[in-house]
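What follows is one structure encoded as structure tokens, with my remarks underneath.
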Amino acid sequence: MIELPRGSWWDWDVVSWDQGRLVLAAGHDLTYHHGLELHFDEPELVACPAAFHDPVFHAPTAAETARARNQLGAAPPLLVAFTADAGGSEPADGLIAAGGLRIVEGLVFRYWREELRPGERHAPWVRPVGAAGE
């Protein structure tokens, strides 16, 4: 089970996802920035809403573990399970099998800022105002 650092991690979304890494971002309101990222290395199985709220992480159930084993052919190095509000009438279940996990804290802006303080950065899609292609 994941132990998150103290903070207001109510609002979540997928920041990036490719073959080598899945990054989930969290904060109290993702409109302008987020302060926490979960970096899943080498994701093999991802059943996760694109955006969700107030997740409750729990130890994977026997059924979730069996599902991962059946789909992957073996037990993954890391299996993370959660239940969250994804806007539907019922809670959504999340299940992520990956090679590893890093928890990264720091302010990540979702809009352009000229000056960043140490430890701050821009989200991957943010570009300077007036940059080529805009």
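Values in this text are rule-based calculations from the coordinates and carry no lab data. All values reported here derive from a predicted model rather than from experimental measurement. For neighbour counting, all protein chains shown are included, and Cβ atoms are generated from backbone atoms with ideal geometry for every residue, glycine included.
Restricting attention to the stretch 47-71, the residues being more than 17 Å from TRP10 (Cβ to Cβ) and in contact with a strand residue (DSSP E or B) (Cβ under 6 Å, 6 or more places away or on another chain) number 6. Residue-level analysis places PRO76 outside the set of residues that are exposed (fewer than 11 other Cβ atoms within 10 Å of the Cβ), over 12 Å from the mean Cα position of the chain (by Cα), of a type outside the set (Gly, Ala, Ser) and part of a loop (DSSP other than H, G, I, E, B).
For the stretch 56-73, which residues satisfy the criterion of being surrounded by 14 or more Cβ atoms within 10 Å (Cβ to Cβ) and part of a loop (DSSP other than H, G, I, E, B)? Of everything in the stretch 56-73, just one residue is surrounded by 14 or more Cβ atoms within 10 Å (Cβ to Cβ) and part of a loop (DSSP other than H, G, I, E, B), namely PRO60.
Within the stretch 41-53, at least one residue is within 16 Å of the chain's Cα centre (by Cα), of a type in the set (Asp, Glu), surrounded by fewer than 16 Cβ atoms within 10 Å (Cβ to Cβ) and on the phi > 0 side of the Ramachandran plot. When restricted to residues that are outside any loop (DSSP other than H, G, I, E, B) and in contact with an Asp or Glu (Cβ under 8 Å, 6 or more places away or on another chain), the stretch 107-128 contains 3.
Taking the conditions (1) under 30 Å from TYR32 (Cβ atoms); (2) touching a helix residue (DSSP H, G or I) at 6+ places or on another chain (Cβ under 9 Å) in turn, ALA97 satisfies each one other than (1). If the condition is being in contact (Cβ under 8 Å) with a residue 40 or more places away in the chain and assigned to a loop (DSSP other than H, G, I, E, B), then the stretch 90-106 contributes only GLY99. Criterion first (within 24 Å of HIS34 (Cβ to Cβ), hydrophobic (A, V, I, L, M, F, W, C) and touching a Phe, Trp or Tyr at 6+ places or on another chain (Cβ under 6 Å)) does ALA86 satisfy it? For ALA86, the condition - within 24 Å of HIS34 (Cβ to Cβ), hydrophobic (A, V, I, L, M, F, W, C) and touching a Phe, Trp or Tyr at 6+ places or on another chain (Cβ under 6 Å) - is met. Residues of the stretch 88-105 that are surrounded by fewer than 15 Cβ atoms within 10 Å (Cβ to Cβ) and touching a Pro at 6+ places or on another chain (Cβ under 8 Å): GLY99, GLY100, ILE103, GLU105. Considering only residues in the stretch 11-36 that are free of Cβ contacts under 8 Å to residues at least 60 places away in the same chain and loosely packed, with under 15 Cβ neighbours inside 10 Å, the one that is farthest from LEU79 (Cα to Cα) turns out to be ASP29.
List, please: which pairs have Cβ atoms under 6 Å, are six or more places apart or on different chains, and start with a residue in the stretch 40-55 that is in contact (Cβ under 8 Å) with a residue 40 or more places away in the chain and in a strand (DSSP E or B) and end with one that is loosely packed, with under 15 Cβ neighbours inside 10 Å and among the small types (Gly, Ala, Ser)? Hits for this filter: ASP41/GLY99; ASP41/GLY100.
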